[in-house]
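To start, the structure under review is shown below, and the notes come after it.
The values are calculated or read from the model by the stated rules, or taken from the named source; none is laboratory data. This one's a predicted model, so the numbers in the text were calculated from it and none came from an experiment. As a convention, Cβ positions derive from the backbone with ideal geometry for all residues, glycine included, and neighbour counts pool all protein chains shown.
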């Protein structure tokens, strides 16, 4: 059965800057990789330059440094894996007890199991704390974090046959820029017939003292643009965590295939059945498409651009977690079972229920019968013609009106009428009997 192999471990030399950005021992840099390609070896090539002050670490803040003025404190232990811890509230009590002031509110913070940062209001207060004898007496170690007083830039176009000493000596820096503390050439991995070699490139990483990254530097009357160096995202092949490599890992092994406590080289789980250690997804923990890998890339980007510690940058991105329901749904969902369309339930066909007859809708013929024109024997407009044959006489018309009124009033003869109504009816009947031209009927 073919097994999917994890990607090759990252460049050990490139990992040092992202693994530790503070003062480190010289033996750490001695373990960096060297050029092994015989076709590119040159006696003058030196892949690393370190200023002595960078190895010792910054002793104090200078007058040109701007805030924040941060000091990192850790407890001195002989064995780093002993599990020593340091809490921020306990160390804050220690500072109050020894009357160490000029600390901002919320200035004491945990950034690791055995590491605390203390932010002061001024450079002088931070420098006084660094040389305080009470730290050595209580076995505390205080340093200035390198990321707070240095800037890392990438310079391209440096010939591969130049040594780093020669490059640093030839540099002319713009005003306001600090000296170069470290210079490191980036190498490119080359695989030839299964043999891995590292070939030097023309890209060099420069670490400047101070809080300003120059736009360009000058070498032999030539300007070299300086870009912000983006810290690489490295992952350990032993514990599958980020930020260090396998050679310096102190954790127990975790399988990148099934997330169990054993090495991934001896695991037989294929990729389709794998479980990610970080997000519990169906992929290897070393997969570049893992959400945790994208999160780590974003953290490194914030660290590079804003010059922050890992703890401060990681707090801006929530950790990748999946709910218990999502994990169990994926665990108990069969993957190799094909869905069948055959149903074993009995199908019963029933006749539809009878519906009530619909009411009669719009009858166009009936409407036309109502609104249609009727035929007439009289010519059109005869109603407006005054020449009417045999018009009724005036006396005949008064007789018709009198009979009409009597037919209305007669049914109400047994009901007594109001005086005013009876009076008006009496006058009306007299008018009809005598005629409208009789002056006796007109009231004066």
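Any chance region 230-239 includes a residue that's touching a residue at least 24 places away in the same chain (Cβ under 8 Å), surrounded by fewer than 20 Cβ atoms within 10 Å (Cβ to Cβ) and within 29 Å of residue 176 (Cβ to Cβ)? Write out each step before concluding.
Restricting attention to region 230-239, the residues satisfying the condition of being touching a residue at least 24 places away in the same chain (Cβ under 8 Å) are 230-235, 237-238.
Remaining after also requiring surrounded by fewer than 20 Cβ atoms within 10 Å (Cβ to Cβ): 230, 232.
Keeping just the survivors that are within 29 Å of residue 176 (Cβ to Cβ) gives 230, 232.
Yes - at least one qualifying residue is present in region 230-239.
What is the one condition in (1) surrounded by fewer than 19 Cβ atoms within 10 Å (Cβ to Cβ); (2) in contact (Cβ under 8 Å) with a residue 12 or more places away in the chain; (3) under 30 Å from residue 212 (Cβ atoms) that residue 307 does not satisfy?
(1)
Pairs needed: first member in region 80-99, touching a residue at least 12 places away in the same chain (Cβ under 8 Å) and at negative phi; second member anywhere, surrounded by 10 or more Cβ atoms within 10 Å (Cβ to Cβ) and assigned to a helix (DSSP H, G or I); C-beta distance under 9 Å; at least 6 residues apart or different chains.
Hits for this filter: 94/134; 95/129; 98/134.
Which condition from (1) buried (at least 17 other Cβ atoms within 10 Å of the Cβ); (2) out of contact with any helix residue (DSSP H, G or I) (no Cβ under 9 Å at 6 or more places or on another chain); (3) in contact (Cβ under 8 Å) with a residue 60 or more places away in the chain; (4) more than 30 Å from residue 85 (Cβ to Cβ) is the one that residue 187 breaks?
Unmet condition: (2).
Of the conditions (1) surrounded by fewer than 19 Cβ atoms within 10 Å (Cβ to Cβ); (2) under 28 Å from residue 311 (Cβ atoms); (3) modelled with pLDDT under 90, residue 150 fails just one. Which one is it?
It fails just one condition, (1).
Considering 416, 392, which residue is at pLDDT below 70 and on the phi < 0 side of the Ramachandran plot? Lay out the reasoning, then the answer.
Values: 416 fails: at pLDDT below 70.
One residue alone meets the criteria, 392.
With respect to the numbered conditions (1) surrounded by fewer than 20 Cβ atoms within 10 Å (Cβ to Cβ); (2) touching a strand residue (DSSP E or B) at 6+ places or on another chain (Cβ under 9 Å); (3) within 30 Å of residue 212 (Cβ to Cβ), which one is the sole condition not fulfilled by residue 296?
It fails just one condition, (1).
What are the residues in region 58-73 that are in a loop (DSSP other than H, G, I, E, B) and either over 9 Å from residue 143 (Cα atoms) or within 37 Å of the chain's Cα centre (by Cα) (or both), if any? Explain how you work it out, then say what you get.
We begin by selecting, within region 58-73, every residue in a loop (DSSP other than H, G, I, E, B); these are 58-68.
Across region 58-73, the qualifying residues are 61, 62, 63, 64, 65, 66, 67, 68.
Any idea which of (1) loosely packed, with under 13 Cβ neighbours inside 10 Å; (2) in contact with a helix residue (DSSP H, G or I) (Cβ under 6 Å, 6 or more places away or on another chain) is the one residue 194 doesn't satisfy?
It is condition (2) that residue 194 fails.
Any chance region 197-207 includes a residue that's touching a helix residue (DSSP H, G or I) at 6+ places or on another chain (Cβ under 6 Å) and either farther than 27 Å from residue 293 by Cα or outside the structural domain of residue 298 (by TED's automatic domain parsing) (or both)? Don't jump to the end; show me each part of the working.
Filtering region 197-207 for residues touching a helix residue (DSSP H, G or I) at 6+ places or on another chain (Cβ under 6 Å) gives none.
Within region 197-207 (the criterion being touching a helix residue (DSSP H, G or I) at 6+ places or on another chain (Cβ under 6 Å) and either farther than 27 Å from residue 293 by Cα or outside the structural domain of residue 298 (by TED's automatic domain parsing) (or both)), the answer is no, since none of the residues qualifies.
So, in region 74-83, how many residues would count as being over 36 Å from the mean Cα position of the chain (by Cα) and surrounded by 12 or more Cβ atoms within 10 Å (Cβ to Cβ)?
Count: 3.
Based on what the data block shows, is residue 173 at pLDDT 90 or above, surrounded by fewer than 20 Cβ atoms within 10 Å (Cβ to Cβ), within 22 Å of residue 300 (Cα to Cα) and under 40 Å from the mean Cα position of the chain (by Cα)?
Working: at pLDDT 90 or above: yes; surrounded by fewer than 20 Cβ atoms within 10 Å (Cβ to Cβ): yes; within 22 Å of residue 300 (Cα to Cα): no; under 40 Å from the mean Cα position of the chain (by Cα): yes.
Taking the combined requirement at face value, the residue does not satisfy it.
Among (1) in the same structural domain as residue 179 (by TED's automatic domain parsing); (2) modelled with pLDDT of 85 or more, where does residue 48 come up short?
(2)
When you go through (1) closer than 26 Å to residue 83 by Cα; (2) surrounded by 16 or more Cβ atoms within 10 Å (Cβ to Cβ) one by one for residue 251, which number turns out not to apply?
Single failed check for residue 251: (2).
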